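Q: Quick one: the structure is below, and I'll ask about it shortly.
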Amino acid sequence: MSPTQKQRPPPVMTPDPQSKLVKLDYSVLQQCIHCGMCLPTCPTYNETGRERNSPRGRISLMRAIADGELEVTPSFGEEMSYCLGCLACVTACPAGVDYATLIETSRAEVERTGVLRKPTRSLTRWFFFRLVFTRPRLLRAIGRVLRVWQRSGAQAWCRRMGLMRLLPGRLRELEPQAPVMCAKFSNALIKPVERPASGEVRHRVLVLTGCVQDLAFSDVNRATVDVLLENGCEVLTPPVQFCCGSLQMHNGDDDTARLLARRQLDETDLTQIDAIISNAGGCGSHLRHYGKMLKDEPQYAQRAAEWSRKLRDIHEWLVEINYRKPKVAPVSFAGSPATPLTYQESCHLCHGQKITRQPREILKSIPGIAYKECAEVSWCCGGAGIYSVTQPKTSSWLQDRKLGHLRATGATVVATANPGCHLQIQNGLNNKPAPAGNSPPPRIIHPIVLLAEAYAAEKKN
Ligand code: SF4
Ligand code: SF4
């Protein structure tokens, strides 16, 4: 124990020795100095103005449970669910509070104690977290069925006939928000090994294709490989990959998250690669923590630490290897002297991974772009994993706030580097048209797709 750390106070009640908050390193719970610097950055505190809905308030509740002063109650569970997990408080905090660990541990404790347990909730969690997202082939099979439903006209017909009204309430609200499935998933677009067409191979990298990204944004994965090839990388992309486990970890299923991390490590020969590339902000933030997550498992600790050392966000990696700046504008920008573009930060990319400079550097290096910074750029859009499912009201409020700022920039293109943000903004633009404007909604795109388009345009010239 460091000299600044205090001993646990004598408990009022006997804390449950199995409690994940009791087992957590006590110094993590002690870091908060109650200065309040995080309060103005916290969206949920901003919405209610109540201390309990702030990072500081939540940490006090967590500590009271660890100290045996409070029990885990449904109200505590709801408070943990109300937090977006956006980590804006981490960026603001001068004391270096590890809020990511605190909220993940608290949510895992809520699940362990079962204070929010209901049959439908348990069934949904089991179906998605333990069944579908641990079986990549099953996930793709569901993606193919969804694709047929969306593209065969069946979905449009059911909507026209008003049949969606027959769905149960929450499902009816969520149905229009389901992502549009791609015609081809990553394994059909990318070969397991691809080498640059010409020039020297300077690096060997592994590309992670993700789950939602693989089904709904496989073009981003293809673009990632194209950009890496253009920059002298030999690219390995295993055709079947496991989910990284971030969805489970952020929602209190830490056992499944660890299982998925072990599977990733079992499938990867780390000695053969220079870097592991993630192109999704939320996944990357979690993937970086494999070392911390598996540090107590002798069979995995060393490999997990090596994994974390090699993990790079795609923007970070490109800047690190001094990527080649494109010489011409993407074809889709042709005809416009400067396309107004703004960037929307993914919370887990900027607050979780501290990657803020590199995506902007890449975007600004693409010819034909008039870059415009957006107000409250690092505020959560309300996507936050499954937040639109668990907290629809706050999610919608944040979506409105974000859309207002994005529209105020006048940008016709919005770049963002996380599938969750992409979907949340796209759904907002589709379902909440601008109050008084006839101009078409902005195009949402991953920065790396734009870079790939610019490289492709060079070849056409
Ligand atoms: S993670 Fe986001 S919502 Fe949660 S306490 Fe921190 S700033 Fe507030
Ligand atoms: S900024 Fe950090 S130390 Fe200060 S109250 Fe917030 S979490 Fe605690």
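The values are calculated or read from the model by the stated rules, or taken from the named source; none is laboratory data. Since we're looking at a predicted model, the values are computed, not measured. Positions of Cβ are generated from backbone atoms using ideal geometry, with glycine treated the same way; all protein chains shown enter the neighbour counts. Only protein heavy atoms, including side chains, enter the accessible area calculation; ligands, DNA and RNA are left aside. Shrake-Rupley method; radii C 1.70, N 1.55, O 1.52, S 1.80 Å.
Q: Out of all the residues in the range 11-28, is one or more surrounded by fewer than 18 Cβ atoms within 10 Å (Cβ to Cβ), within 9 Å of ligand 1 (Cβ to nearest atom) and not hydrophobic (A, V, I, L, M, F, W, C)?
A: No, the range 11-28 has no match at all.
Q: Taking the range 29-46 as the search range and keeping residues that are in a helix (DSSP H, G or I), in contact (Cβ under 8 Å) with a residue 24 or more places away in the chain and crowded, with 18+ Cβ neighbours inside 10 Å, which one is farthest from ligand 1 (Cβ to nearest atom)?
A: Kept after step one, since they are in a helix (DSSP H, G or I), are these residues of the range 29-46: 29-30, 39-41, 43-46.
Cutting the leftovers down to in contact (Cβ under 8 Å) with a residue 24 or more places away in the chain gives us 29-30, 40-41, 43-44.
Narrowing the set further to residues that are crowded, with 18+ Cβ neighbours inside 10 Å leaves 29-30, 41, 43-44.
Details: Leu29: 15, Gln30: 18, Thr41: 6, Pro43: 5, Thr44: 5 Å.
So, considering only residues that are in a helix (DSSP H, G or I), in contact (Cβ under 8 Å) with a residue 24 or more places away in the chain and crowded, with 18+ Cβ neighbours inside 10 Å, the one farthest from ligand 1 (Cβ to nearest atom) is Gln30.
Q: Moving on. Quick check on my filter: what residues within the range 111-133 are among the hydroxyl-bearing types (Ser, Thr, Tyr) and either open to solvent by 90 Å² or more (accessible area, probe 1.4 Å) or more than 17 Å from Ile386 (Cα to Cα) (or both)? I'd like the intermediate steps shown before the answer.
A: The first filter runs over the range 111-133 and keeps only residues among the hydroxyl-bearing types (Ser, Thr, Tyr), leaving 113, 120, 122, 124.
Listed by number, the residues that qualify are Thr113, Thr120.
Q: Same structure again: With (1) more than 18 Å from the chain's Cα centre (by Cα); (2) open to solvent by less than 40 Å² (accessible area, probe 1.4 Å) as the list, and Ser395 as the residue in question, which single condition is left unmet?
A: Failed condition: (1).
Q: How many of the residues making up the range 82-99 are surrounded by fewer than 21 Cβ atoms within 10 Å (Cβ to Cβ) and either over 18 Å from the mean Cα position of the chain (by Cα) or under 21 Å from Arg258 (Cα atoms) (or both)?
A: Final tally of qualifying residues: 5.
Q: Could you tell me whether any residue of the range 217-237 is farther than 30 Å from Thr124 by Cβ, small (Gly, Ala, Ser) and crowded, with 23+ Cβ neighbours inside 10 Å?
A: Here is the first cut: in the range 217-237, the residues farther than 30 Å from Thr124 by Cβ are 222-237.
Going one step further and asking which of them are small (Gly, Ala, Ser), we end up with 223, 232.
If we keep only those that are crowded, with 23+ Cβ neighbours inside 10 Å too, we end up with 223.
Yes, the range 217-237 contains a residue that is farther than 30 Å from Thr124 by Cβ, small (Gly, Ala, Ser) and crowded, with 23+ Cβ neighbours inside 10 Å.
Q: So, Gly420, is that one in contact with a Lys or Arg (Cβ under 8 Å, 6 or more places away or on another chain), part of a helix (DSSP H, G or I) and closer than 26 Å to Asp214 by Cα or not? So that I can check it myself, show each step before the final result.
A: Details: in contact with a Lys or Arg (Cβ under 8 Å, 6 or more places away or on another chain): no; part of a helix (DSSP H, G or I): yes; closer than 26 Å to Asp214 by Cα: yes.
In short, no.
Q: Check Ser198 against each of (1) assigned to a loop (DSSP other than H, G, I, E, B); (2) at pLDDT 90 or above; (3) farther than 26 Å from Cys421 by Cβ and name the one condition it does not meet.
A: Against the list (1) assigned to a loop (DSSP other than H, G, I, E, B); (2) at pLDDT 90 or above; (3) farther than 26 Å from Cys421 by Cβ, Ser198 comes up short only on (2).
Q: Right, next: Suppose we filter the range 37-46 for residues that are under 22 Å from the mean Cα position of the chain (by Cα) and near ligand 2 (Cβ under 9 Å from one of its atoms); how many remain?
A: Looking only at that region, the number is 3.
Q: Can you tell which of Ser378, Ser388, Ser395 is hydroxyl-bearing (Ser, Thr, Tyr) and assigned to a loop (DSSP other than H, G, I, E, B)?
A: Details: Ser388 fails: assigned to a loop (DSSP other than H, G, I, E, B); Ser395 fails: assigned to a loop (DSSP other than H, G, I, E, B).
Within the list Ser378, Ser388, Ser395, the selection yields Ser378.
Q: Please tell me if Asn418 is in contact with a Ser or Thr (Cβ under 7 Å, 6 or more places away or on another chain) and touching a residue at least 60 places away in the same chain (Cβ under 8 Å). Break it down into steps so the answer makes sense when it comes.
A: Details: in contact with a Ser or Thr (Cβ under 7 Å, 6 or more places away or on another chain): yes; touching a residue at least 60 places away in the same chain (Cβ under 8 Å): yes.
Yes, satisfied.
Q: Do we have Ser396 as free of Cβ contacts under 8 Å to residues at least 60 places away in the same chain and under 18 Å from Gln177 (Cα atoms) here?
A: Working: free of Cβ contacts under 8 Å to residues at least 60 places away in the same chain: yes; under 18 Å from Gln177 (Cα atoms): yes.
Here the answer is yes, as Ser396 does meet what is asked.
Q: Among the residues of the range 325-338, which ones are more than 27 Å from the chain's Cα centre (by Cα), surrounded by 15 or more Cβ atoms within 10 Å (Cβ to Cβ) and either on the phi > 0 side of the Ramachandran plot or not small (Gly, Ala, Ser) (or both)?
A: Across the range 325-338, the qualifying residues are Pro326, Val328, Phe333.
Q: Shifting gears a bit: Do we find a residue being near ligand 1 (Cβ under 10 Å from one of its atoms), touching a residue at least 12 places away in the same chain (Cβ under 8 Å), assigned to a loop (DSSP other than H, G, I, E, B) and over 19 Å from the mean Cα position of the chain (by Cα) anywhere in the range 52-60?
A: Taking every residue of the range 52-60 in turn, at least one turns out to be near ligand 1 (Cβ under 10 Å from one of its atoms), touching a residue at least 12 places away in the same chain (Cβ under 8 Å), assigned to a loop (DSSP other than H, G, I, E, B) and over 19 Å from the mean Cα position of the chain (by Cα).
Q: What tally of residues in the range 47-74 results from selecting those that are open to solvent by 70 Å² or more (accessible area, probe 1.4 Å) and within 14 Å of ligand 2 (Cβ to nearest atom)? Can you show your working first?
A: Our first condition is that a residue be open to solvent by 70 Å² or more (accessible area, probe 1.4 Å); within the range 47-74, this holds for 50-52, 69-71.
Now drop any that are not within 14 Å of ligand 2 (Cβ to nearest atom), which leaves 51-52.
Residues flagged as open to solvent by 70 Å² or more (accessible area, probe 1.4 Å) and within 14 Å of ligand 2 (Cβ to nearest atom) within the range 47-74 amount to 2.
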